[in-house]
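Rule-based calculations on the coordinates, nothing more; no lab input. Just so you know, these numbers come straight off a predicted model, no measurement behind them. Cβ coordinates were reconstructed from backbone atoms using ideal geometry, including for glycine residues, and neighbour counts include every protein chain displayed.
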Amino acid sequence: MKIRHLLLGASLALTLPTAAQENIITVQADKPGAAVEPTMYGIFFEDINYAADGGLYAELVKNRSFEFQPDPLTGWQAFGKVSIKDDGPFPRNPHYARLETMGHGDWWTGLVNEGFFGIGLKEGHEYRLSLYARVPDGKTQMLRAQLIDPYTDKEKQEFVSKDIKVMSSEWKKYTVILKSPETIEKAQLRLFLCETNGKSGKGTCDVEHVSLFPVDTWNGHENGLRRDLAQALYDMHPGVLRFPGGCIVEGVTLENRYSWKNSVGPVENRPLNKNRWESTFTYRYYPDYFQSYGLGFYEFFLLSEEIGAEPLPIVNVGMACQYQNKKDDKKAYAEATEEGLKEYIDDCLDLIEFANGDSTSTWGKVRAEMGHPEPFNMKFLGIGNEQWEDLYYERLEIVMNAVRKAHPEIKVVGTSGPDAEGKEFDHGWVAMKKLGADLVDEHFYRPISWFKNEWNRYDEYDRKGPKVFAGEYACHDKGKKYNHAGATIYEAAFMTGLERNADVVHMATYAPLFAHVDGWQWRPDAIWFDNLHMAKTASYYVQAMFAHNKGTNVLPVTNTAFPLKGEDGLLASAVWDKETGEYIVKVVNTTDSTMQVSIKLDGLKSISHVGTITLDCSDYNAENTVEDPNVIEPDESTIAAKGNVINAAIRPKNFVVFKARK
Ligand code: AHR
């Protein structure tokens, strides 16, 4: 966040004379109401757009275990005599590569890995190359590992080279550190048989699980996350982290669903799964999109802990994606009986044990052995993603009853389906109330017109029923699907409605989170990245501005310029933070004119200090990109108050957070 202490400039920006009438926002500062849940603003993570492998998960080698199908050498270029075997040391990833001599000192055998859209390396940074290897005939063989730039005009393609001596006929892990002398976005990793005299190797060497990580990962974890991307999540100040999706939870088939049990334990033995986003949109088709599960449930829980967010895992309810399967397809849906759903019920109960159980329990022990003997203290569980009709409700009831019986302390999140309104949405809510879900996951990827119609969406919601989890939402402008400011301002405006209704809305997560510029399937997204850089979008900043300023209690607010349905205007919400003593008022002007506002903090005699944070979305097409990431950033400043009143001019399509103290 850009901090500018340009007192003069900033107050000018906020107090420009305007002919427009004064609008009054009255905040009842002495009447704190409902608590704002700590989970209120959070993160939705799904492995879409190469968000995990090739993204947040810092592994730089694609297809490290030679398991991609139909071609186990996908991502690898083989030269010389290379064959794929399937009796390797890791039973759930049995394939490995055998490198054999070509029988001549100038004929070479080896492999080149292309990484995920290349391998991004930074000058002066260290990279840990690890691999499992053996020499089946017991004769020592040298492997040469190089980082190369295949596109360079320089004399040499390689810019780092290290040798690994493989001496044992047993599988062993070998590790070397490679320090990159340059920054390069699309490097490759080359591995080949060689001799100390620079000639090609004479023997045979088997290699498996060839992995390359930056040493400098988020919090230094070896099986770690890309530091810059994880830092961006931390900086958002999220209250909840939902994982692992999204439709990825459901899978195209039940076999293809995200099975959390496959995502824990030693990474070498986590079985590969096809990523369902590989082919969901044939107009953006990525045949090499798989899930290594290297970023699995343990890593998600750990990340939640490290960024200060409540973990919210979502599990499959015995249903594959309803869009992609017919209603009567028996294979797509587990039988809606306790017996038919046993595996899914066990998944829930075992997950709770994995997260919260004692380290002597079956699944708690797995967690402890992975390095976290203390429980993760999971409180929420989502059962099913975007499901609807009796097909779902019948299954949810059975799974939920089993969870409730064993773990009444866990809050269950159900779903009202993919629609934000209409028949199925209404049915969903009726069913969730009947079943007694604690929260209902609503999704809305909608155009500006929808957001303008829904300013008041939660004002009339039933206060006694389940709470709302706005689990996936983003403003998708008509005919424009990218993160431009003209759409983002409506997300900020809508969020004031979430905040005013924090008694009924307990969680909200913008979606999707990440997108690789070379491999996206869905946009807009909160954070874009390439192999070396990233850009926080204006949508990201809106989320961060709300999350950093969520306060602890809602303050009643009235506003003379509140828009009618479908119109532009001034949107506002207010909270009090009992820990810091701050009164925080969020104001969004969605009109094309500067609006003069008087913010009255009723119940306070005077305010001594007012800080402001402003996001200017007035340039409709403006967006942050990896090439130009700082086009739209929040500006911090201060403004004077008069008694208990803040007078300000809010520019067109601006979102301003006012932070006042007594
Ligand atoms: O966020 C992308 C997809 O949108 C999610 O996977 C799904 O839940 C929704 O349809």
Worksheet, complete the sentence: Log entry, pairs with first residue in the stretch 589-607 being on the phi > 0 side of the Ramachandran plot, second being small (Gly, Ala, Ser), beta carbons closer than 9 Å, six or more apart or on different chains, reads GLY603/ALA29
Practice prompt. Check whether at least one residue in the stretch 91-107 is surrounded by fewer than 20 Cβ atoms within 10 Å (Cβ to Cβ) and either within 23 Å of ASP216 (Cα to Cα) or in contact with an Asp or Glu (Cβ under 7 Å, 6 or more places away or on another chain) (or both), and report yes or no.
Written response: yes
Worksheet item: Pairs under 8 Å by beta carbon, first residue over 17 Å from ARG257 (Cβ atoms) in the stretch 330-356, partner part of a loop (DSSP other than H, G, I, E, B) and of a type in the set (Phe, Trp, Tyr), six or more apart or different chains?
Response: ALA355/PHE376; ASN356/PHE376
Response to the item:
Scanning the stretch 511-528 for residues that are more than 13 Å from the ligand (Cβ to nearest atom) and either in contact with a helix residue (DSSP H, G or I) (Cβ under 6 Å, 6 or more places away or on another chain) or not in a strand (DSSP E or B) (or both) gives VAL517, ASP518, GLY519, ILE527
Worksheet item: Only one of these conditions is not met by ILE307: (1) surrounded by fewer than 24 Cβ atoms within 10 Å (Cβ to Cβ); (2) under 17 Å from ALA51 (Cβ atoms); (3) of a type in the set (A, V, I, L, M, F, W, C); (4) within 16 Å of the ligand (Cβ to nearest atom). Which number is it?
Response: (4)
Worksheet item: Tell me, which strands (runs of 3 or more DSSP E) wholly within the stretch 533-582 include 2 or more residues that are touching a Ser or Thr at 6+ places or on another chain (Cβ under 8 Å) and in contact (Cβ under 8 Å) with a residue 60 or more places away in the chain?
Response: 557-559, 570-577
Worksheet item: Pick from the stretch 261-290 the residues that are in contact with a Pro (Cβ under 9 Å, 6 or more places away or on another chain) and not in a loop (DSSP other than H, G, I, E, B): which of them is surrounded by the fewest Cβ atoms within 10 Å (Cβ to Cβ)?
Response: ASN269
Item to complete: Identify, by number, the condition in (1) surrounded by 21 or more Cβ atoms within 10 Å (Cβ to Cβ); (2) of a type in the set (Val, Ile, Thr); (3) in a loop (DSSP other than H, G, I, E, B) that THR360 doesn't meet.
Response: (1)
Response to the item:
Going through the stretch 615-660 in order, the residues found to be surrounded by fewer than 22 Cβ atoms within 10 Å (Cβ to Cβ), more than 14 Å from VAL587 (Cβ to Cβ), hydrophobic (A, V, I, L, M, F, W, C) and touching a helix residue (DSSP H, G or I) at 6+ places or on another chain (Cβ under 6 Å) are ALA622
Worksheet item: Can you tell me how many residues in the stretch 583-608 are more than 18 Å from GLN28 (Cα to Cα) and either touching a Phe, Trp or Tyr at 6+ places or on another chain (Cβ under 7 Å) or outside any strand (DSSP E or B) (or both)?
Response: 6
Worksheet entry | Breaking point among (1) crowded, with 16+ Cβ neighbours inside 10 Å; (2) more than 16 Å from the ligand (Cβ to nearest atom), for GLY382 | (2)
Discussion item. For the stretch 165-199, give me the residue count where each residue is out of contact with any strand residue (DSSP E or B) (no Cβ under 6 Å at 6 or more places or on another chain) and part of a strand (DSSP E or B).
Written reply: 1
Worksheet item: Among the residues of the stretch 438-451, is any free of Cβ contacts under 8 Å to residues at least 24 places away in the same chain and either part of a loop (DSSP other than H, G, I, E, B) or within 16 Å of the ligand (Cβ to nearest atom) (or both)?
Response: no
Worksheet entry | Index of the failed condition, ALA52 passing every other in (1) buried (at least 16 other Cβ atoms within 10 Å of the Cβ); (2) touching a Phe, Trp or Tyr at 6+ places or on another chain (Cβ under 6 Å) | (2)
Fill in: Qualifying residues in the stretch 385-395 (those that are touching a strand residue (DSSP E or B) at 6+ places or on another chain (Cβ under 8 Å) and more than 16 Å from the ligand (Cβ to nearest atom)) - the one farthest from LYS434 (Cα to Cα)
LEU391
